[in-house]
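The values are calculated or read from the model by the stated rules, or taken from the named source; none is laboratory data. Everything numeric in this text was worked out from a predicted model, so none of it was measured. Note that each Cβ is placed from the backbone with ideal geometry, even for glycine, and that neighbours are counted across all protein chains shown. Note: accessible area is taken over every heavy atom of the protein model, side chains too, but ligands, DNA and RNA are not part of it. Shrake-Rupley method; radii C 1.70, N 1.55, O 1.52, S 1.80 Å.
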Amino acid sequence: MSPRRVVVVGYGMAGARLAEEVRRRDPDGERVALTIVGAESHTAYNRVLLSSVLAGSLTPDAVRLRGAENVDLRLDTEVSSVDRSIREVVLADGETLPYDALVLATGSAPWVPPTEGLRTDGGALAQGVHTFRTLDDCARIVAATAPGSPVAVLGGGLLGLEAARGLAGRGNLVTVVHPVDHLMERQLDPQAGAALAKSLRTLGIELRLGVLATRYLPGDGLKLDDGSHVPADLVVVSAGVRPSTELARSCGLTVDRGVVVDNALRTSDPRIFALGDCAEHPGTVSGLVQSAWDQAVVLADLLTGADPSSRYLGTPVVTRLKARDIDLAALGEVHTEPDEPGAEVLRLEDPARGRYAKLVLREDRVTGAILLGAPDAAAVITQLYDRGAPAPADRLALLLGRALPSPAQAGPADLPASAVICRCNTVSKGQLVSAWRAGARSTGALADATRATTGCGGCRDAVCGLADWLSAQEPA
Amino acid sequence: MPTPTHCPYCALQCGMTIKPGPVVEPREFPVNRGGLCQKGWTSAALLNTPGRLTTPLVKGEPASWEDALDHVAQRLQELRAEHGPDAVAVFGGGGLTNEKAYLLGKFARVALGTSQIDYNGRFCMSSAAAAGIRAFGVDRGLPFPVTDLANADAVLLIGANVAETMPPFVQHLRRAIDAGGLVVVDPRRTATAEQAAVHLAPTPGTDLALALGLLHVAVAEGHVDKDYLSRRTVGFEETWEVAARWWPEQVERVTGVSAADQRRAVAVLSRADNAYVLTARGTEQHASGSDMVSAWINLALALGLPGRSGSGFGCLTGQGNGQGGREHGQKADQLPGYRKIDDPAAREHVAEVWGVEPESLPGPGKSAYELLDSLGAGPRALMVFGSNVAVSAPRSAHVAERLAALDFLVVADFVLSETAVLADVVFPVTQWAEEGGTMTNLEGRVLLRGRAVTPPPGVRTDLEVLHELSVRLGQPAERFPVDEEAVFSELRKASAGGAADYAGISYERLRAGEALHWPCPDETHPGTPRLFLDRFAHADGKARMIAVDHRGPAELPDDDYPLSATTGRVLQHYQSGAQTRRIPELTAAVPEAFVEVHPDTAGRAGLGEGDVARVSSRRGEVLAKVRCVPGMRTDTVFLPFHFPGDQRANLITNPVLDPISRMPEFKVCAVRLEAVT
């Protein structure tokens, strides 16, 4: 039996991950012959790490993804159309690729706001304007920014702030312009947005919130709708993305915001699948790598026949800002107010230090959280949320990521007789006291009598302290 | 006469002295510096333990040595004649002396002609060994003396609870602890984790993701020693391609270890002048255990630690002779000197020393759990030396069934262990201070343990048992010597030229007090306390970074079994407890099994402190008293594995095996916690 011909359009993180998952199940290509068509000229890379490249902590080479083996990879190649009637993909150069199954992994493209001057009359980005989406974008931004030069970032969402932090870390004077009056409004409530703003300002980043950029002047900067002006040698546009659905539309598939897929990741044509940013799955927010990776697992199960019952049921969304010196996690319902019936809401505000922690629970389960400047808490809360596991009763410890410190270390007098002083030899306070009363009046004598201190020696101070305490109690 | 010896328990092999009584006292020795834990202090009680066996047992009845030996030889010959040589299997132990381990392997291959031999060290060091050989070309638990650790500013301990499993070892960490340089990876807040500056508590079974995260941080924060990598390693590119997708926030979601703590841990390691990375069973006893160790080695290599004076990577060996026990031929796939049994040159060398034809040596056999799993259907007879598989093997109810399916079970032990109870014939043998022999401790140092006390009348040494049986099986008498020094002389020849080369180590040199670490190829060689300073043991001298990825536990929690169980040791007991459970002072301290649970998790199951809980997995259930421990993860329970019967932690453990090391997944399985009504 010859392998099924699977053609994947798009070689970003979703396409690359799918290839890898397919080959994990079918290493020698006995079940699936895989062809991947990619528009960019280089191999796939890890988009999540682009902010680290921009910040200079990783090199562009370091974020490249390994190529899957046994794949017919066509780079620098555009798809011009799909003929569903005869199941063929038509490439820009006229070559055709017949398929048994087609996968759309076309991703998304940055959205550029209609600010005057950002685009040239021809529709290209104007001089000094860059989107922040690809490895090439990264390289262009880094090449165009001299240390100390002013940069404007359009968009105070997750990616915009990561770019801003990276550029500030490189020594640029960064101003973030955001049309809503608090940052990351999709993931944060207003208090968290304000605390985050405070942290960013402390790091030297200027913020212009609740204002629109109305005009860009190359070499000068941005004019805002409040009449003010932001000087900028460079403008980084990070105002959101739109699913790339042109190919799906042109061949008549059902497209809403993205290409509509079911739990088997099938589009309206059951021989065509879609995953990643270009796909729209009910109840799933697109644009996150975790969703694409989870989808790749399911689709590889289905395409290779490894598990025909595999289905994609969504990915819990956890937002983590990757920016040096700022620890921010947000998940689930973040806008729920403390007085909402049925919800248990805890909130800790420490605006002076840019810290904010909010936890939303329903029926003992974590349903939402914002954790800014509480790095120890995010890990446990995220796991509870991902698994739907019951939350610990000590809510405050959960919110803070650590138990409150216990009362000051008890002195020898306060310890119960059963307290083990020397773990290596299971010697309790009671045994030491008895030995003392029987005449062992020094640390050495106590060691001889009880073996305390004779293992790792870590309890020596405690035994000395006990001896001193006992000695002080002796009548003069 | 006070006689210097070493402790009968763990691989630290603390120096001690036996005095009449008998009683033991600690002795100045580099590994313990005069310290002993409670097990060591009370070890003399083993020598006159009330349950001591002094008469062979045949079907539970006392028998003479001659009758018992004749009976065993006859039954083995019958089974072999009927079903072929592989009908007889042999199971050894990591507590056996080098001489016994060596002679047991030779007995299996030559006197029995069976390929079916493995040992409990498979459950202990096999993943560490596999990863060490892959990376460095040779497996020596610590390729440096333990005392080198005392100069470390930072130590990363992974799955190692040394404060309970080898307490005197903690002395060597004092500097790192005091400098805020101890980093401990353990799902539990153990006695060791409590002393750490940074405690990373991953979800059980996710260590590999954590190791990848730390490597990612090390790269992103510029802590990688690029010069070292290019001079001394190969494979960084491929390794990074995997680690690149494990950025700290991604790792956090899988492991539950915060990104900030991952960064803290790397910062501690990278700012140290001298740093060590050490693994133990917590990260090794997994179905991906070999890969887990490889991932930690990768981190150590990226930081430029292995093979550098004052820094390094190592694995903490568990059993007393866990190191020597894995070098001299009781492993299914190995011949003495850490040689591979399928290597023609190795077969030729060893066959010549043994005076047999290379073709007569069997090939590789099944690994420990696979061997136990095949009993009855495969081997019809099993001979057990120095192991208590009824308690220590995974999925132990099933293993007990397999033992019951045998035609013939022979056990050599000094007490009636849970396995010996099931045996057709039990040979009462000498223990520890009653016999001579060498042990190779966790740092690859060979120690001579002289006979210190006279054994009780009626017991014989394992070497004598093997000798008597081999003669009855038609072997020339001189082929299986009973004198340990004679056996060792032969071992030296058999190991000569192998990875673990003992050729230059003699009883004479050891008696003179020389500190000899293998390899020691000739009598003028000073031994090798530190390996890899110039080169690693691969042909090109470079270490290999292996591009391993996180796979996760074989069994994930679900609605039916919502918690993860992990197992381990307590300070007062050793392994299956066959020895320590006979010592009143130790059983008084920890008399029975318990299950550590977060108070909330206990409360949800309707359980409180001291209640008896039923902990069930898909393979069985254990009964254990609840200990509420606020420091536990709410998704994890912990059970010690020292207890027999209904309290055997291994009734629930998962026997799924690592594909490379054949290590069972002792350290994580999905369980349910219920009150016993």
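General observations
- Alpha-carbon centroids, the stretch B:580-609 and the stretch B:118-181: separation in whole Å: 28 Å
- Counting only protein heavy atoms and a probe of 1.4 Å, the accessible surface of the stretch A:129-239 is 54% carbon and sulfur.
- Between A and B, accessible area buried - total, square angstrom, nearest 100, 1.4 angstrom probe: 3600 Å²
- DSSP-loop GluC sites (Glu not before Pro) across the stretch A:137-234, with at most 11 other Cβ within 10 angstrom: none
- Around B:D635: net Lys/Arg minus Asp/Glu count, Cβ-Cβ under 11 Å: +1
- Using θ = phi - 60° and Karplus 6.51 cos²θ - 1.76 cosθ + 1.60, couplings along the stretch B:502-510 (whole Hz; Gly, Pro as x): 9, 3, x, 9, 10, 4, 4, 5, 5
- Low-density loop cleavage sites - GluC sites (Glu not before Pro) in the stretch A:48-144, where at most 14 other Cβ are within 10 Å (DSSP): A:E69, A:E78, A:E95
- Taking the Cα centre of chain A as reference, the dipole from Cβ charges on Lys and Arg (+1) and Asp and Glu (-1) amounts to some 1140 debye.
- Each Cα pair under 8 Å and six or more residues apart adds its separation to the average, and for the stretch A:420-473 the resulting relative contact order is 37 percent.
- For chain A, the longest principal axis of the Cα atoms and the long axis of helix A:13-25 meet at an angle of about 80 degrees.
- Dividing the convex hull volume of the alpha-carbon atoms in chain B by its residue count gives 139 Å³ per residue.
- Within the stretch B:108-165, the percentage of alpha carbon pairs spaced more than 13 angstrom apart rounds to 76%.
- Heavy-atom accessible surface of the stretch A:420-473, averaged per residue, reaches 44 Å², computed with a 1.4 Å probe.
- Convex hull volume of the stretch B:522-589 per residue (C-alpha atoms, cubic angstrom): 262 Å³
- Contact order, relative form, for chain A: 12 percent (alpha carbon pairs under 8 Å, 6 or more residues apart, mean separation divided by residue count).
- Counting Cβ atoms of other protein chains within 10 Å of each Cβ in B:253-264 and taking the mean gives 5.
- Principal axis box of the stretch B:376-421, alpha-carbon based, largest edge first, Å: 29, 21, 14
- Around the amide H of A:L265, modelled in the peptide plane, lie the amide H atoms of A:Y312, all under 5 Å away and 5 or more residues distant in sequence or on another chain.
- Over every Cα atom in the protein assembly as shown, the radius of gyration and the widest Cα-Cα span, Dmax, amount to 32.7, 107 Å.
- Nonpolar atom fraction for the stretch A:34-97, defined as the carbon and sulfur part of the 1.4 Å probe accessible area, stands at 43 percent.
- The dipole here belongs to the protein assembly as shown: it is taken about the Cα centre, uses +1 on the Cβ of Lys and Arg and -1 on the Cβ of Asp and Glu, and is about 1600 debye.
- Amide proton proximity set for A:G455, modelled H, under 5 Å, gap of 5+: B:L36
- Value in Å of the Kirkwood radius, where the stretch B:188-232 supplies the Cα pairs that are averaged: 12.7 Å
- The stretch B:34-183 pair-distance distribution - Cα-Cα, 5 Å bins, rounded %: 2, 7, 9, 12, 15, 14, 10, 9, 9, 6, 4, 2, 1, 0
- Each principal axis of the Cα atoms in the stretch B:246-326 has its own extent, and those three values, largest first, are 42, 33, 16 angstrom.
- Debye equation applied to the C-alpha atoms of the stretch B:3-47, log10 I(q)/I(0) at 0.28, 0.31 Å⁻¹: -1.00, -1.21
- Farthest positive-ward along the protein assembly as shown dipole, Cα basis, beta-carbon charges - from B:G318, B:G34, B:L103: B:G34
- Convex hull per residue volume in Å³, alpha carbons only, for the stretch A:129-239: 87 Å³
- Equivalent-ellipsoid semi-axes for the stretch B:563-675 (Cα gyration tensor, √(5λ), whole Å, largest first): 21, 20, 12.
- For the stretch A:220-306, fraction of C-alpha pairs farther apart than 23 Å, in %: 40 percent
- Per residue, the solvent-accessible area of chain B (1.4 Å probe, heavy atoms of protein chains only, all protein chains present) comes to 30 Å².
- Calculated log₁₀ intensity ratio I(q)/I(0) where the Debye formula runs over C-alpha points of the stretch A:325-400, q = 0.11, 0.14 Å⁻¹: -0.23, -0.38
- Qualifying lysines (Cα of each under 24 Å from Cα of A:K429; at least 8 residues distant if same chain): B:K39
- At least 20 Å² accessible surface lost relative to isolated chain, residues of the stretch B:17-45 (1.4 Å probe): B:L36, B:Q38, B:W41
- Semi-axis lengths, largest first, of the ellipsoid equivalent to the stretch A:384-475 are 38, 15, 10 Å, with √(5λ) applied to each eigenvalue of the Cα gyration tensor.
- Per the Debye formula on identical point scatterers at the alpha carbon atoms of the stretch B:352-394, with no solvent, log10 I(q)/I(0) at q = 0.14, 0.16, 0.22, 0.27 Å⁻¹ is -0.49, -0.60, -0.86, -1.02.
- At most 16 other Cβ within 10 Å, DSSP loop - GluC sites (Glu not before Pro), the stretch B:511-590: B:E514, B:E523
- Alpha-carbon spread of the stretch B:134-315, three principal axes, descending order, Å: 40, 35, 30
- Residue-by-residue Karplus 3J(HN,Hα) for the stretch A:79-85, coefficients 6.51, -1.76, 1.60, Hz, glycine and proline x: 9, 9, 6, 10, 9, 5, 5
- Based on C-alpha pairs under 8 angstrom that are at least 6 apart in sequence, the stretch A:129-239 has a relative contact order of 34 percent.
- Charge dipole (debye, nearest 20) of chain B; +1 at Cβ of Lys and Arg, -1 at Cβ of Asp and Glu: 940 debye
- The shape of the stretch A:420-473 can be summarised by an equivalent ellipsoid whose semi-axes, obtained from the alpha carbon gyration tensor, come to 16, 11, 9 Å from longest to shortest.
- Computed per residue of chain B from DSSP H runs no shorter than four, each worth -39500 (n - 2.57), the mean residue ellipticity at 222 nm is -8000 deg cm²/dmol.
- Placed amide H near A:R242: partners under 5 Å, 5+ positions off or other chain: A:A109, A:W111
- Using the alpha-carbon positions of chain A, Rg (one decimal) and Dmax (whole number) come out as 29.9, 105 Å.
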